[in-house]
Every structure is written in structure tokens, then in C-alpha cells.
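Colleague: Have a look at this one before I ask anything.
The values are calculated or read from the model by the stated rules, or taken from the named source; none is laboratory data. On a predicted model such as this, the values are computed, not experimentally measured, just so you know. Every residue, glycine as well, gets a Cβ built from its backbone with ideal geometry; the counts of neighbours run over all protein chains shown.
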Amino acid sequence: MLASVAREVPTGDGWTFEPKYDGIRVLAFASSTQVALRTRNGIDKAAQFPEVVEALGALARRRRRPLVLDGEIVARSPHGLARFQALQERLHQRDASIIDGHVGSAPAAFVALDLVASGKRSLVREPWTARRRALEKALDGATNDTLRIAETHPGDGRRLMERARREGWEGLVAKRTNAPYTPGKRSPHWQKVKIEGRQELVVGGWTEPRRSRTHIGALLLGYYSNGAFVYAGHAGGGFTRDALLAMHRRLAPLERSTSPFSTTPPTNERAHWVRPQVVVEVKFNEWTHDGLLRQPIFVGVRDDKAARDVRREGEAIADSRGNGAHRAANGLAFELSNLDKRYFPKARRTKGDVADYYAAVAAALLPSLDGRPLVLKRYPDGIGGAPFYQQKAPAKVPDGVRVERVANEAGEEAERLVGGSLATLLYSVQLGAIEMHPWHSRVDHIDDADYSILDLDPGPGVSLGRVVQVARWVREELERAGLHGALKTSGSTGLHIYLPLPAATSYESSRLVAEVIATRVAARHPKEATVVRTVKARPAGTVYIDYLQNVEGNSVASVFSVRAREPGPVSTPLEWEELTDELDPMAFTMERVIAELAERRAIWTRAMRRRNRLQSLTGPLAPATTRPHR
């Protein structure tokens, strides 16, 4: 059954209202032995979502009868349900091993909207109220993170629409409570009401028009964030011919030779750049995960607002007061305070900026922190003050913040903060943490390292070009050994290379594999690389390949972690092909990482998903690289 489009929330008696979930609509045919997830065009997506298949199969076995459910497959995130983009990587995937990786890193859920059939009984002629009762009975006691039932709110939909706007939903679906289920038809008894976003933006350029269009193809739009002019997308719709001419006359005197954006966007047609002075208003569907507007339409020019005052509304890094983090923390058992405190004096970044950044990237960052004890390096007065390390959790923490009793390598037990939730992430920021430092192991197998790290640390006066060259040599040595690594900037002057390890790999073996690779590179290239730890004893001009971080209880700044140095760079995943002489780790700002988040997250997920087989490494590691779980 399909919904018709409505411009306003319907009023009057006999309506119920549900969130418009942003996922993949399917009919689920579930029996004790088989589950099919049929999309509107008849394609079965069961292979792509094995966790949903498992949950629905368990439901059918529990009820001892087959069921046909109308529902939505949605992406899960640590703080609720994510947008459709989070499903795209697995939507058309056929490789079972890659799909299994997504189940762990980007799990999905099935939200049941309606019950179409139960056993041999068809419910399509029943009114919605009867179908809803049957749906709730069928799922009673069976819901979990993967199998959910849609919210529904009979009565006044306008109040729910206010909530939808506050919480950033895509919209509402209104349903007649006395209407039957009409398969395959777009019915007025179901009406979808989308929330129309509005945003003021600054014009940073325009593109050449195509075919019969005149003057301007599309406007290139942006907003200001912490002094940077951030690209937000292009808008070509909404113009009359006269409006195109008027806009061209307004922009032509402002033309300049270079892009005003912090990161120059690619364009389909030749771009004309302008001084960012003209403010316009657009309407759009939503912000995508990579920080761009979806389907923006030009509404008009705004002469009542200065360009430098334009910020992204309703999203992270909206301003310096931490609004994005406050929205993300809505419902958590603590407040974020002192968000105006200056953390990065030269860059004029505040604690609120750091909190907003972490709220914006949480979906990408939290899987790397999940289940890992955290080492806090606190900066109560920002990077200009004296920091201090905190290994133990505070005596009392708010609800939702995970604490576990964990022993270090020396056997000393302590209550420690454990990552994985938005609450713990933002609480760490509230305590003054700028960087996220997780252990290499998780609490459920604390003595086994999940990865080994090679930290490339340049000595005094060593150029970044030399660091890049040493990283290439490390990769060559890994390939000789049949291994592969995940690459990221350290967020400072160096690079980090992670080697994903098989299950039950000891810390000793983790250190040993890093030592073998580091030593081999240093032996082949003694003038450029060294494994000598003491700075004074190192050969001048060398890059130190640090393998000694691979000890239980040690930590390295996580992927997507902000680093506590001006101007607040981020430790960012890289493709190996990005190792060029032009690489600039300091260019990976919070704004850039948010804009490229989907791409950077995919780079890291792909690289870390493939576990190395240490048996392929010749030499002293061949025996006993792993051990059974205790």
C-alpha cells in the first residue's frame, strides 16, 4: 500500500500518525524455514540483510505460523536510527563476507509498519485498527534492536510534526484508522507529509548553463563555520528566465579567479568563482551524511543578512555554542557546560566546536571505540593549559555512560570508561577530553589485540615527504609478507598504519609483527628510517617507526579523533594512493572531515574489515601467533 503526497498534516478525527522512516520499504514473508524481503519492484533483499532475516525467522518460529509484514529496513546507529545513506554500501552488495562486515559495522533493523497476513488469515480487508492490534500481538515480547514496531500516535498530528522538526525526521505518514490495506495502490487513506528544510546560504560561484538554459547553470553554495567557507551543494532549480538574468547581473561584478571554498568542489560544467557576498534562501529535502544539501531549490535573495553571519542551521558545527552537541545529547542524563571556553586560541575554536564535531561524526567514530577502555587526556583550560591523563573513571558517572572494571598488563584493576555510546563520547568531551584514545582490545577479550600499529614519527627537521616515503616502504614490506594495513594521518606530523589481526592474537604477537616490519624497513633504508627509541640516539633526518605502542593499556589517538594542536586537525583515513608529496595532514579539519565523512568512513571500514593472516609472515613469527580465547 502506497501513500499519496500531502502538503499539510490532515486534521479531524480518524487519523493516526507515524514517523516517515528513511529506509527501504519491503514486504517481509517470514516462515520458520525461509524469509524473503521483497521491495516494491519485486527484488528480494534477504541476502543483503541477514540480521533482519534472522530476527524475522525467529519471530515466525516463536509464533508458529508464517507472517507477511509491511515494513521498512532502516540503518541503526549508536543513538537511534540513521538515514538511508547508511544503507547504501550494502544495498547491492553480493559478497557474503563484505555483507557480514556491514552487519557488524553498520547494522540494520526492520521496523514493522503493518501486518498483512498471519498464518492462513489475510488481514487486507480489516481496518487499520484491527491490523494494528494484530501487529502488536504478533510482536509482543519479540522486539529488540533488530526487530521493532513503528511508533503510532492517534489524534493531533500537528504536535507530532513539531517533534519531527525538532528531531530531524524526514516527515510523517498519516493513516486513516478505519481504512483497509490496498496492496499496490497509492491511496488517499495514507498520506505522507515531508518536512521542507529551509536554509540561508552564500553564493560562492556559478556554473556555465547547458543547452537552452541562459546565464547560469547552478549556484554553488556554502556557509561559514569557524572562519571557513564550507561547500554545501549546488542549486539550479527554482529560477525563472528573468531571475537567472538578475542573478547573473548581481554576481558578474564579484567574479574572482580562485575558489572561495575551504575545499574546492568538483563541478559538471565550468565554474565561475565569486567573492562570497550574496546571500540566498533555498528549500531542500535534507542534509546528506557527507554534508551536502539534497535537492536544493532556489527561493530568493536575502538582503537582510550579512554573508559572514550565515551558519548551517539545525546541524553540528552550527555555531560556537555547541547547539549540535546539545541536540545530539537530548535525553542524556547530563548537561554539556562551558561550551564557549576557548580550546584552540589561534583557530578560535571552543569546547562547543569539539563537542559539535564529535556529535556529527559519532556514527563513524563509535564503532572504533566500541567496547574499548578509554584513556582520557584532559585539557580543562584548552591546549594552552596543562593537560593530565586520567585512566580511572570518575567515582560517579551519569546514566548511559559505560564503566567496566578492567585490569591492565600488571594486573591492576580499575573502573574505566568504555567507549561505544554517544553518551560516553560526549561525557568524555564534557570532562575536557579533546582526543579519543582507545585501547587496542575490547573488554570481552581484554588480553587480545584487535590490531597492531606502526606509528611513523618524524624527527626534528624531517619533512613530511620523507614520512610519506617511509610509509610507502612500510607498505612494500607488508606486501612482501602477505599483509595489508589501514592508513590514516596521525592528526599531527606523522602517519599511522594499522594491521587488522585475527581473533585471539596476543599483545605480544601484536608487538612482534610490528617490530618485524619496522626492523626490516629500517634495515633496508637506514638513512631514512630507524627503530631507535631515544631521540638523541637516532640518526639525524630519520623517521622513527614506533612499534612499542602495541602493549596492553597503551593507546593511540583513534581514527576521526581531533588532535590537541592548532588548528584542531583530525586523524583521518587515507587511501594509499593519497600518499603523495602534496599530502597535507593539517588540511583535514573538522569541517572537511564532516563534509567527506561517508567517503572517509568507507575507506577505513574496507581496510579494517580484512583480517591479516599472520601465518603468511615468514621468520620468527611463524610459530604461535595466536592463542585460544580464555
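Colleague: I'd like to check something: does the range 412-426 contain any residue that is within 27 Å of Gly385 (Cα to Cα), among the hydroxyl-bearing types (Ser, Thr, Tyr) and crowded, with 19+ Cβ neighbours inside 10 Å?
Modeller: Yes, the range 412-426 has at least one match.
Colleague: If you don't mind, another one. Out of all the residues in the range 571-600, which are crowded, with 23+ Cβ neighbours inside 10 Å, out of contact with any Gly (no Cβ under 6 Å at 6 or more places or on another chain) and farther than 16 Å from Ser225 by Cα?
Modeller: Thr572, Pro573, Arg600
Colleague: To continue, here is another question. Going through the range 460-487 one residue at a time, which ones are assigned to a loop (DSSP other than H, G, I, E, B) and under 30 Å from Pro373 (Cα atoms)?
Modeller: Matches in the range 460-487: Leu483, His484, Gly485.
Colleague: On to the next question. Return the only residue of Glu575, Glu552, Glu566, Glu582 being acidic (Asp, Glu) and within 21 Å of the chain's Cα centre (by Cα).
Modeller: Criteria check complete, one pass: Glu575.
Colleague: Just checking, which of Gly420, Gly411, Gly482 is in the same structural domain as Tyr379 (by TED's automatic domain parsing) and farther than 28 Å from Tyr379 by Cβ?
Modeller: Residue meeting the stated conditions: Gly411.
Colleague: Can you find even one residue in the range 124-143 that is part of a helix (DSSP H, G or I), in contact (Cβ under 8 Å) with a residue 12 or more places away in the chain and among the small types (Gly, Ala, Ser)?
Modeller: yes
Colleague: Here is a follow-up. Can we say Arg348 is loosely packed, with under 15 Cβ neighbours inside 10 Å, in contact with a Gly (Cβ under 9 Å, 6 or more places away or on another chain) and at pLDDT below 90?
Modeller: Yes, satisfied.
Colleague: A further question on this structure: Quick check on the range 514-532. Is at least one of its residues under 30 Å from Asp356 (Cα atoms), in a strand (DSSP E or B) and not polar (S, T, N, Q)?
Modeller: Looking through the range 514-532, none of the residues is under 30 Å from Asp356 (Cα atoms), in a strand (DSSP E or B) and not polar (S, T, N, Q).
Colleague: Sticking with this structure for a sec: Take the residues of the range 19-71 that are within 30 Å of Asp156 (Cβ to Cβ) and either surrounded by fewer than 20 Cβ atoms within 10 Å (Cβ to Cβ) or at pLDDT 95 or above (or both): which is nearest to the chain's Cα centre (by Cα)?
Modeller: Asp22
Colleague: Starting from residues that are at pLDDT below 95 and aliphatic (A, V, I, L, M), keep the ones in the range 456-482 and report whichever is nearest to Gly568 (Cα to Cα).
Modeller: In this case the residue turns out to be Leu464.
Colleague: Continuing with the same structure: Among the listed residues Trp273, Trp287, Trp206, Trp190, which satisfies the condition of being in contact (Cβ under 8 Å) with a residue 60 or more places away in the chain, in contact with a Gly (Cβ under 8 Å, 6 or more places away or on another chain) and closer than 30 Å to Pro10 by Cα?
Modeller: Trp287
Colleague: Residue check: is Asp455 outside the structural domain of Ala529 (by TED's automatic domain parsing) and among the acidic types (Asp, Glu)?
Modeller: The answer is no for Asp455.
Colleague: Would you check which residues across the range 407-434 are in contact with a strand residue (DSSP E or B) (Cβ under 6 Å, 6 or more places away or on another chain) and of a type in the set (Asp, Glu) and list them?
Modeller: Glu413, Glu415, listed by residue number.
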